[in-house]
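The values are calculated or read from the model by the stated rules, or taken from the named source; none is laboratory data. Note that this is a predicted model, so its numbers are computed, not measured. Positions of Cβ are generated from backbone atoms using ideal geometry, with glycine treated the same way; all protein chains shown enter the neighbour counts. Calculation scope for accessible area: heavy atoms of the full protein, side chains included, ligands and nucleic acids excluded. Shrake-Rupley method; radii C 1.70, N 1.55, O 1.52, S 1.80 Å.
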Amino acid sequence: MKLRPLGATGLNVAPIGLGAAQLGSSEYEHSGKIVFRALDLGVNYFDTARGYWDSEIKLGKALKGERENVIVSSKTTGKTKSEAAQHIDESLERLQTDYIDNYHLHALSDLDDVDVRLGGPLEALIEAKEAGKIRHIGITGHTFPSVLVAALNRFDFETLLVPLNIVEREPLAELIPLAIKKNVGITIMKPVATGLLPAPLALKWLMNQQIAVAVPGATTVSEMEQNVGIGNLADFTLSADEDAEVAKWALNLATDRCRICMECLPCPSDIGIPGTLGTDVMYNHYRSMGPAKFAVFPWELSRVEGEWQEREATIAKIDDHAACDSCMQCESRCPYNLPIVSMLRSMSPNMKDMLDIWSKESSKV
Ligand code: SF4
Ligand code: SF4
């Protein structure tokens, strides 16, 4: 893959990286092979976070011996200086390294959060950089791009991690141009809209944007190979047919893709709507793989077990149709006009099937 500069960091990145959240879904024997194949294929940017289950641990184990050849990114959701400082030390330990190339303030949610996180937590990152524990400081966010615009206007962050794909183009209006103007390294999450978009088309479209690196996840070695295959293309120009496909997907998913903006909350039934519709990694695996492949996937069973009760509780809340029928507050608040209640109800049988499959697998669970 032809390397691109990561803003003004002095680092050069292959345009297809690996988003490590999905490493938390499978046993190390499986997830480690994905990292090894990524290395073989020239991937040099690995994006993880404390919040991505045990992915820091698995990534640290798989990258041993390759540390100086790769760029590792992680994140803290800490709200105070001491919490963020502790998170950096924990990330270093879990990643088995004495420096992290790129450390982010993770998931800035609104302008109040910008005030909080650019206070003590940012001070902790600046001190960690001075101490050589981290080398560059970045921000991430899923909500409205204006939140990250405000953050970029207050501090010279070196990198940015933001969702961008065929459906979610809002960052192209103001955020990405500002980042380009400030020479911030632009890294992209959700490039295939958590599996809703066909990866080859979505990544090829993205390679045409002024970004440094996209970090799609991969649940198999062949997915990793497919993603890098797009990064290796000599020409990213879309054909007329591909342009038409892009337009079709943008239209079809416009009211079917949760942007994780949080505007629908609070829910009186305490359903975590954005986490269910937008970021339920295990559900996305089920949807992408289908039940047959899902049943034979080498799940990280400790994680399955950890999520079990919460998933059962979510199903019960979704299935309480009377509660939603008399409420509908979320749909009136959603700026993207998503049919939230019917989307949740369509997930419920699949979530039950996931639990059934895992039960059968698990004498194990
Ligand atoms: S309609 Fe249902 S999901 Fe939406 S806010 Fe009300 S209780 Fe929550
Ligand atoms: S359901 Fe709508 S309001 Fe809620 S997080 Fe998703 S896009 Fe935002």
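On the stretch given as the stretch 174-189, residues that are touching a residue at least 24 places away in the same chain (Cβ under 8 Å) and open to solvent by 40 Å² or more (accessible area, probe 1.4 Å) total 4.
Give me the residue from the stretch 256-274 that is within 12 Å of ligand 1 (Cβ to nearest atom) and of a type outside the set (A, V, I, L, M, F, W, C) and, out of that set, farthest from Glu310 (Cα to Cα).
Glu263
Somewhere in the stretch 350-357, is a residue more than 18 Å from Phe294 (Cβ to Cβ) and either surrounded by 14 or more Cβ atoms within 10 Å (Cβ to Cβ) or in contact (Cβ under 8 Å) with a residue 40 or more places away in the chain (or both)?
Within the stretch 350-357, not a single residue is more than 18 Å from Phe294 (Cβ to Cβ) and either surrounded by 14 or more Cβ atoms within 10 Å (Cβ to Cβ) or in contact (Cβ under 8 Å) with a residue 40 or more places away in the chain (or both).
Among helices (runs of 4 or more DSSP H) entirely within the stretch 229-326, having at least 2 residues that are at negative phi and within 16 Å of ligand 2 (Cβ to nearest atom) singles out 240-253, 273-277, 281-289, 301-318.
Listed by first and then second residue, the pairs with beta-carbon distance under 8 Å, at least 6 apart or on different chains, first residue in the stretch 232-258 and touching a residue at least 24 places away in the same chain (Cβ under 8 Å), second open to solvent by 80 Å² or more (accessible area, probe 1.4 Å), are Ala250/Arg169; Thr255/Asn337. Only residues that are surrounded by 21 or more Cβ atoms within 10 Å (Cβ to Cβ) and either assigned to a helix (DSSP H, G or I) or at pLDDT below 95 (or both) were counted across the stretch 27-51, and they come to 4. So for the stretch 317-334 (the condition being open to solvent by 20 Å² or more (accessible area, probe 1.4 Å), away from ligand 1 (no atom under 11 Å from the Cβ) and out of contact with any Ser or Thr (no Cβ under 7 Å at 6 or more places or on another chain)), does at least one residue qualify? Scanning the stretch 317-334 turns up no residue that is open to solvent by 20 Å² or more (accessible area, probe 1.4 Å), away from ligand 1 (no atom under 11 Å from the Cβ) and out of contact with any Ser or Thr (no Cβ under 7 Å at 6 or more places or on another chain).
Quick check: anything in the stretch 341-358 touching a strand residue (DSSP E or B) at 6+ places or on another chain (Cβ under 9 Å) and part of a loop (DSSP other than H, G, I, E, B)? No: the stretch 341-358 contains no residue that is touching a strand residue (DSSP E or B) at 6+ places or on another chain (Cβ under 9 Å) and part of a loop (DSSP other than H, G, I, E, B).
Restricting Ala250, Ala244, Ala214 to those that are under 24 Å from the mean Cα position of the chain (by Cα), farther than 26 Å from Asn102 by Cβ and not polar (S, T, N, Q) reduces the list to Ala250.
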